[in-house]
Amino acid sequence: MAKESSVLIYGTNLGGYRAAYALCKKGHKVILLNRGSYVDDIRNQTLSQLPLDFCWMCGHFPQRLFKALGCVQDFYNAELLEVSGQAGDFTVKFKTKPQVVNNFICTECDECIEVCPEVVGDRKAIYVHPEIGWENIYLIDWENCTKCGKCEEVCPTDALKLERSEEVQEVKVAAIILALEYNDPTIEDLKNFSFGKSPSIVKNSEIARNSLLTNFVKDSVKLPSGKIPQNFAVVVTPHFNNHGTEYESYNLSVSAAYRGVRLKEILPESDVTIFLKDYRGFGKRHYRWYKKALDAGVHIEKVDDIKASPKNKEEVNLQYEKDGKSHEKTVEYTILINGQKSPNLMKDMSEICGVKADENGFCNIKPFSCSETDVDGIFAVGEFTGPKGNPEAIWEGCATLTESLKYLGETNFKPPAPPSLRNVDVEEKKIGVFICSCFGTFNDKMDLNDLKETVEAIPDVSHAEIIKGCCTPPSIKETAELIKKSGVNRVVLAVCTPIQKLLKFRKTVMMAGLNPLLSEFLRLREDVINVHKDKVKMLEKSLTLIKAAVAKTKKSVQNPTLKESFTPHALVIGAGLSGLTCASEIADNGFQVTLIEKNENLGGNEKYFDKQQKEYLDKLISKVKDNQNIKVYQKAELKRMSGYAGNFYGAILSEKKEIPIDVGVIVLATGAKEHKPKEFLYGEDQRVITQTELQNNLNGKKIGNQVVMIQCVGSKNDEHPYCSRVCCNQALKNALSLKETGSEVTILYRDMTNYGKENYYQKALDSGVKFIRFEDNKYPEVKKNADALEVIKSDGEKIKVDLVVLSTGIEPDEENNRNLSNLLGYPMDKDGFFDSDVNVYPYEESIKRLFKPYEWATNCIYPVGLAHSPRAFEESILTARDIAGRALILLGKKMLPAPNAMYIAEVKDALCMGCGICVDVCAYSARAIDIEKKIAVVHPFLCDSCGSCVSVCPNDASYLRDFMSNQTISTLDALLA
Amino acid sequence: MNKNFTPKIIYFMCNWCGTGGAESASAHHLYYPENVLPYRVNCTGSLSTVLILRAFIDGADGVIISGCHPGDCHYEDGNFRERKRVATIKSIIESLGLEEDRIWFRYVAHGEGKRFVDTTTEFNDYIKKIGPNPLKERSDT
């Protein structure tokens, strides 16, 4: 039976969007069911839980592009009704109701708002969503709408229909991805913090949302009375709520630190206190935020319990317990950092598709997989499967691609070939100005005919015309014909917004047979019509802008897009868990993989794994060894490597022989090692051991009566300013095992950073493990008194012990990493791990980075697992599958255009003197000095067109194809004439 | 202060965040002075000193540059590069006899329409207060 090829995605969390993007890129059609009526109706994580106050997610998922190409079909107000069939051949029934304002057809002309007779406060009954930046979402306030139908009449593109009917559709798909959004805690869930009872008690997500238009400024925390508070409390609520009420995703502690720092930035005199139980910032660079908050003067109180209640209209009373004592504090403003609740749709999903819930009410995922549910062919991603931060959700999206490919048939989508372009170098320069009337709607706002006449009089303009539009398929065609007919070879389009509709405008120009470099899009709507009122001045300004654009296009030069082949071969460096996973996933999909390992054995950090993990790894190793597509070199290393994404060439050294190798992508899976402590008598006394040594000695027999564990040995200090992630959970698991044998266990800790599906912390507390906190700089001491071993706590108390267990962290293999970093020109972070584009300091969660056309984001060199940052077992698998997914998208392509098409930097040979400043400054290693010619050369496949090289060139030899300096100078001259 | 003085202001904005800020302003119909002329560049980091000085020599009364927020640059660190350059330009224009505050650098993110408009209005008011660019009157520029 032939397999289906399309995939259905239900829900719009980040993982779902990412999976949709990945599948489209891979060539599979996607059906996207949005439960809401617009992109962010059902809030997903990005906007609500980001530590940052801006997101831009909508801009980085080119939904419109894929929709225009026919790869994504999206349905709004959708509800999944029925699923039947099996993996590879599902039949799905769902209910959907189209958007009232179809925002794919809508040109955002605002005519509907203008004609609307119902005024509600400072807006009309139809209005633009106040918080979304990328796409203008038109909403209707049904309470005040009289359904007079005026808006419907006036809509120039028929995008608006007040009456939309519900319909039931049936589709056949190969796989289903459940990407349902999380539930926000309710007022009831936050009752301990009196949420909703005072305007001084607000959620962090609300602040972030309300400051989208302004960034986080003083007004963002203004009280209704107009007063700017000076005394703040930031409370991480899941730390103090009962288990089951809300769950903590990994970025809450860092969100609190971030909010504290930002408050101090805008109000330096203010008093900011963060209340949390433990600082659980274990993501990449999260600990640095903790330090930063302390440096900024933010107080961080680690308390056992806290309650907030309004004292009066503008003050909040906080009652908290610390070290067994009760304290009180009055603040003017309380910010709640809340967690995620388990999804309320879980039950429905269990009934409809048979997926099972885990004990906390999230969707259950099979062990050692990233997104496979209990039903074959049905996947779950993002916060539907557990509390998630942004990076994890996004990684899961791509990992789902890797995991779902086995159920999918042949690819069923191929983008259409670009139109052929004519050579205009032989022609006389003819500039045409095309003024968009946005289907006639701009006419009311300014006199376009008048503008057209004045434009015609500009000496360089040979043709001026008013067009209907160039953003819907028919109008693009029409405008392209008009351009062709007018015979011009350079085009100025005065339109709305080239950020959102850039590709459509370029398409218009290309369909007219012109290279898009020969065109300029100026923003008539964004820079003139919508932001000014005075008609005379508007006309004046648009004329100036058009003159400037004409001056620019006059000097533009056409250039082709380059294409190059992509070597369908991957190199994986390091055969630990991540490396093996990556190699096996890539090879399973039919691509060649070369796997090199420094040591004799495959398996890497095997000795740290438990029994099940070891079994999994052993299976993986034999799978890799048996795979025909994988060539394994043991005791081998990378000798040299040059080239660029898709076309790397170099050599590996194996058994003293050099073996040449050509690859398309490189995966860095070099792993990391355990920190070997020098303190606490480790190595001097046999009774001081590490957690791993303890784990390997556990055999159900009692090891000692009194066992003390010391956390954070070699982590979160000046040498290793990061959390090693794995040690707390490992310590808790070991403590539980020791407890079973009857030992007394005491854990001395700084911050208990337990996380994951199972709450080992609670279990340990229940079983009687003692927890004693010590301050960051007051580590306990281990002393030998005659023959007895004793631990001196920071308060001076001595405990006689039989065994001391040190929770040692993970440290990078810095020397090895640095070698590779130099060989590949790939950056390392400050901690000695490999950096990645998605992790530019200080924003691991920055959505813009995570969603950057990601397969190129790191130029096809991908760090995974421990090479990237400390990771637990399953998290390493997640990063490996994510990267495998990214690699698979690219490896399947035979030819690829340069990532920035024709928009790249170039060098004027005659002016370049080969000083090399541009080479140093290039963040993409896209520049080099040609040895023979002694001038700089640009690699079009690496250049991202940022222009750093342009601004540093002392001779003006460097230029961007679309922003040449002579163009800029003429534009400036025209603007200021 | 001359009441009839309408300054000419060039607003250099990066293609990602600055432009986005301007677009959000437009989406929400936030008004700003007409004499602020936008100029879009790919990344503020690509703006060389010469081009900004050119704007002053051409008679711009003030220049604002807006890039992405720290850490959010579309191209690694173009915004920092430009911020650094602006510091140099300030001392250059001072030596030309211009006030160093005739050039502003302010981060504006994509959705921050209000911030964009506030920046233009604040800057416009400020330039109105300090008066026209004295270089306009000189013949040797």
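The values are calculated or read from the model by the stated rules, or taken from the named source; none is laboratory data. Predicted, not measured: the structure shown is a model, and the values here were computed from it. Don't worry about glycine lacking a Cβ; one is built from the backbone with ideal geometry, like all the others, and counts go over all protein chains shown.
For the reader, a short list of remarks on this structure follows.
- Selection count, the range A:900-949, where residues are in a loop (DSSP other than H, G, I, E, B), of a type in the set (Gly, Ala, Ser) and more than 14 Å from chain B (Cβ to nearest Cβ): 3
- Qualifying residue in the range B:49-63 (condition: more than 9 Å from chain A (Cβ to nearest Cβ), within 12 Å of the chain's Cα centre (by Cα), closer than 20 Å to A:Gly947 by Cα and assigned to a strand (DSSP E or B)): yes
- In the range A:652-665, of all residues being within 22 Å of A:Ala928 (Cα to Cα) and buried (at least 16 other Cβ atoms within 10 Å of the Cβ), the one that is farthest from the chain's Cα centre (by Cα) corresponds to A:Val663.
- Residue match in the range A:692-710 (condition: buried (at least 20 other Cβ atoms within 10 Å of the Cβ), of a type in the set (A, V, I, L, M, F, W, C) and in a helix (DSSP H, G or I)): yes
- The range A:315-334, subset free of Cβ contacts under 8 Å to residues at least 40 places away in the same chain and acidic (Asp, Glu), residue nearest to A:Ser200 (Cα to Cα): A:Glu328
- Only residues that are over 45 Å from the mean Cα position of the chain (by Cα) and among the β-branched types (Val, Ile, Thr) were counted in the range A:793-840, giving 2.
- If the condition is being closer than 26 Å to A:Asn360 by Cβ, part of a loop (DSSP other than H, G, I, E, B) and of a type in the set (A, V, I, L, M, F, W, C), then the range A:744-778 contributes A:Met752, A:Val769.
- Within the range A:590-613, the set of residues being acidic (Asp, Glu) and under 14 Å from A:Gln730 (Cβ atoms) comprises just one member, A:Asp610.
- Restricting the range A:342-371 to residues that are crowded, with 20+ Cβ neighbours inside 10 Å and in contact with a helix residue (DSSP H, G or I) (Cβ under 6 Å, 6 or more places away or on another chain), the residue that is nearest to A:Thr273 (Cα to Cα): A:Pro343
- Any chance B:Leu47 is among the hydrophobic types (A, V, I, L, M, F, W, C) and surrounded by fewer than 24 Cβ atoms within 10 Å (Cβ to Cβ): no
- Only listed residue being among the β-branched types (Val, Ile, Thr) and either within 23 Å of the chain's Cα centre (by Cα) or in a loop (DSSP other than H, G, I, E, B) (or both), chosen from A:Thr402, A:Thr334: A:Thr402
- The range A:314-341, residues that are out of contact with any Ser or Thr (no Cβ under 9 Å at 6 or more places or on another chain) and buried (at least 22 other Cβ atoms within 10 Å of the Cβ): A:Ile335
- Among residues of the range A:494-521, those that are within 14 Å of chain B (Cβ to nearest Cβ), at pLDDT 90 or above and surrounded by fewer than 24 Cβ atoms within 10 Å (Cβ to Cβ), counted: 1
- For the range A:212-270, residues that are away from chain B (no Cβ under 14 Å), under 14 Å from A:Ile335 (Cβ atoms) and small (Gly, Ala, Ser) total 7.
Yes/no per residue for (1) within 14 Å of chain A (Cβ to nearest Cβ); (2) in a helix (DSSP H, G or I); (3) surrounded by fewer than 23 Cβ atoms within 10 Å (Cβ to Cβ):
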site	(1), (2), (3)
B:Arg81	yes, yes, no
B:Lys84	yes, yes, yes
B:Ile92	no, yes, yes
B:Leu98	no, no, yes
B:Asp101	no, yes, yes
B:Val108	yes, no, no
B:Gly111	yes, no, no
B:Asp118	yes, yes, yes
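To keep it simple, each residue is scored yes or no on (1) more than 30 Å from A:Ser6 (Cβ to Cβ); (2) in a helix (DSSP H, G or I); (3) in contact with an Asp or Glu (Cβ under 7 Å, 6 or more places away or on another chain).
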| site | (1), (2), (3) |
| --- | --- |
| A:Asn77 | no, no, no |
| A:Thr91 | no, no, yes |
| A:Trp142 | yes, no, no |
| A:Thr146 | yes, no, yes |
| A:Glu152 | yes, yes, no |
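- Every residue from the range A:522-537 that is surrounded by 21 or more Cβ atoms within 10 Å (Cβ to Cβ) and in contact (Cβ under 8 Å) with a residue 12 or more places away in the chain: A:Leu522, A:Arg523, A:Leu524, A:Arg525, A:Glu526, A:Asp527, A:Val528, A:Ile529, A:Asn530
- Number of positions in the range B:1-43 that are facing another protein chain (nearest Cβ under 9 Å) and part of a loop (DSSP other than H, G, I, E, B): 14
- Any hit, the range B:61-81, residues being out of contact with any strand residue (DSSP E or B) (no Cβ under 7 Å at 6 or more places or on another chain) and among the basic types (Lys, Arg): yes
- Single residue of the range A:481-493 satisfying the filter (farther than 19 Å from B:Asn42 by Cβ and surrounded by 21 or more Cβ atoms within 10 Å (Cβ to Cβ)) that is farthest from the chain's Cα centre (by Cα): A:Val488
- Search result, residues across the range A:957-976 that are within 8 Å of chain B (Cβ to nearest Cβ) and not in a helix (DSSP H, G or I): A:Leu960, A:Asp962, A:Phe963
- Residue count for the range A:321-335 satisfying the condition of being farther than 16 Å from A:Asp271 by Cα and in contact with a Lys or Arg (Cβ under 8 Å, 6 or more places away or on another chain): 1.
- Looking across the range A:782-793, the residues that are surrounded by fewer than 16 Cβ atoms within 10 Å (Cβ to Cβ) and either assigned to a strand (DSSP E or B) or in contact with a Phe, Trp or Tyr (Cβ under 8 Å, 6 or more places away or on another chain) (or both) come down to A:Lys783, A:Lys784, A:Asn785, A:Ala788, A:Ile792.
- Of the residues contained in the range A:526-541, one or more are found to be within 14 Å of B:Glu34 (Cβ to Cβ), of a type in the set (Asp, Glu) and touching a strand residue (DSSP E or B) at 6+ places or on another chain (Cβ under 7 Å).
- Contacts under 6 angstrom Cβ, first residue in the range A:868-889 being surrounded by 24 or more Cβ atoms within 10 Å (Cβ to Cβ) and assigned to a helix (DSSP H, G or I), partner among the aromatic types (Phe, Trp, Tyr) and modelled with pLDDT under 95, 6 or more apart: A:Leu878/A:Trp395; A:Asp882/A:Trp395; A:Ile883/A:Tyr862
- Flag if A:Ser255 is under 28 Å from A:Lys322 (Cα atoms) and in contact with a Ser or Thr (Cβ under 7 Å, 6 or more places away or on another chain): no
- Matching option when the condition is at pLDDT below 90, touching a helix residue (DSSP H, G or I) at 6+ places or on another chain (Cβ under 9 Å), among the hydrophobic types (A, V, I, L, M, F, W, C) and not in a loop (DSSP other than H, G, I, E, B), among A:Ile207, A:Ile176: A:Ile207
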